[in-house]
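Readers should treat all values here as calculations from the given coordinates under stated rules, not as data from a laboratory. No experiment lies behind these values; they were computed from the predicted model shown. Methodologically, a virtual Cβ is constructed for each residue, glycine included, from the backbone with ideal geometry; neighbour enumeration extends over all protein chains shown.
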């Protein structure tokens, strides 16, 4: 068992590093958003954020849960040594995604035609086809990740996609600088179409491309995949709504693209706190499916606790940066954006909850209880809809952020309770408490540095961040590492000394 857990730790480190690097490259998307508001203007950027929030929810319908389906069903087929089932799974997923996404695109076009605000209408019309390209690309990349290989996710979604978005934005600005939000949307769509080509190439590196094409042309469908994914789609849609419905409500209630632009910048920044956890999702999800199949609860508990601890350690510095220097970071978008610092702090709290508690989703979903996950998301959705309707008319952007935090907290706590009830495990313990304490001390120090600086700027930001990281790392090392972390560190240092 100890050898298995040590192997899991090494696998987690390798995979999460690749995915985390991909997430870091995704930070280039910040440049896309900053350039979008600088090139096309604040109103156009607000219209793009409004349309993107609707399209992003449409993407969760279009993909029909097939990204999760690939991670589970392809991994199960590989564990059985059944390559034909792998191909059938991929082909069935792609056919399903294509048909459903086309329906979603048509629905969004109808919705766009009924928008009273011309800027919203034109932007949504231009961006709607992204549902099809995004869903196909993610399905293809998820199939490669199910094999335990994360480098294609890094290359395609981590490096190529944000680079293409920036390049196409610059081209669109030069050609259609007066197109408003539709110009931003067309640049995003163009980059997504090119990403599909790269994702197709990635799939052929891990699977027989011709066999997949034959599977797509056949009339056969992998029934187990469809049964698994059927309840995931509404759950994923509701989950996405928890993080995007606030923008839609703001656009409807306030009717001001400029206000939506400010809130959109907050949403984009705060989402990077959750991006740390997303680096671990493709690692834990197939592993949880394997543990559930073999009823290996000890292995599941060990990996859940370790990954949650690592997520907390990596996401806390990002969270602290937004709490202490949120106004400085929002200023990158423009001089009026720092006024939204309060909503940014609340949204950062929501994403910290999502990051730390979110891994509890996978034991529930990957053990075949996807309907239970749907119930969780319904509960969170109900909370966020009710609070958005109540708080946005009174408190505007801050009310929307509080609604998001509350809805997210509701369904994440439900997942923690369910994992505890079903498997008798959770991620909490003294080691996680030490990591949290180190983060709190780091936060206090950085708040003190900011308060003591007469004119806090980027120099203060750099000094504060470095000091906080040093203190957090020092406290973590003093507290000690768990046996698996020590074994992993010993393995890494032995390899390094051998290479030297």
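The table below gives the values:
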| quantity | calculated |
| --- | --- |
| Shape box of the range 28-230 [Cα atoms, principal axes, largest first, Å] | 55, 34, 22 |
| Gap separating the Cα centres of the range 379-430 and the range 191-228, nearest whole Å | 35 Å |
| P(r), alpha carbons of the range 254-309 - 10 Å bins starting at zero, rounded % | 20, 32, 19, 15, 11, 2 |
| The chain - percent relative contact order, Cα under 8 Å, separation 6 or more | 19 percent |
| Proxy reagent accessibility, fewest Cβ within 10 Å first, across 266, 59 | 59, 266 |
| Mean separation of Cα contacts under 8 Å, 6 or more apart, over the residue count of the range 28-230: relative contact order % | 34 percent |
| Per-residue Cβ neighbour rank within 10 angstrom, fewest leading, 134, 362 | 134, 362 |
| The chain - Kirkwood radius from inverse mean 1/r over Cα pairs (Å) | 23.4 Å |
| Ranked by how many other beta carbons lie within 10 Å on average, peptides 198-206, 312-320 from highest | 312-320, 198-206 |
| Cβ-based exposure ranking for 223, 101, in which fewest neighbours within 10 Å come first | 223, 101 |
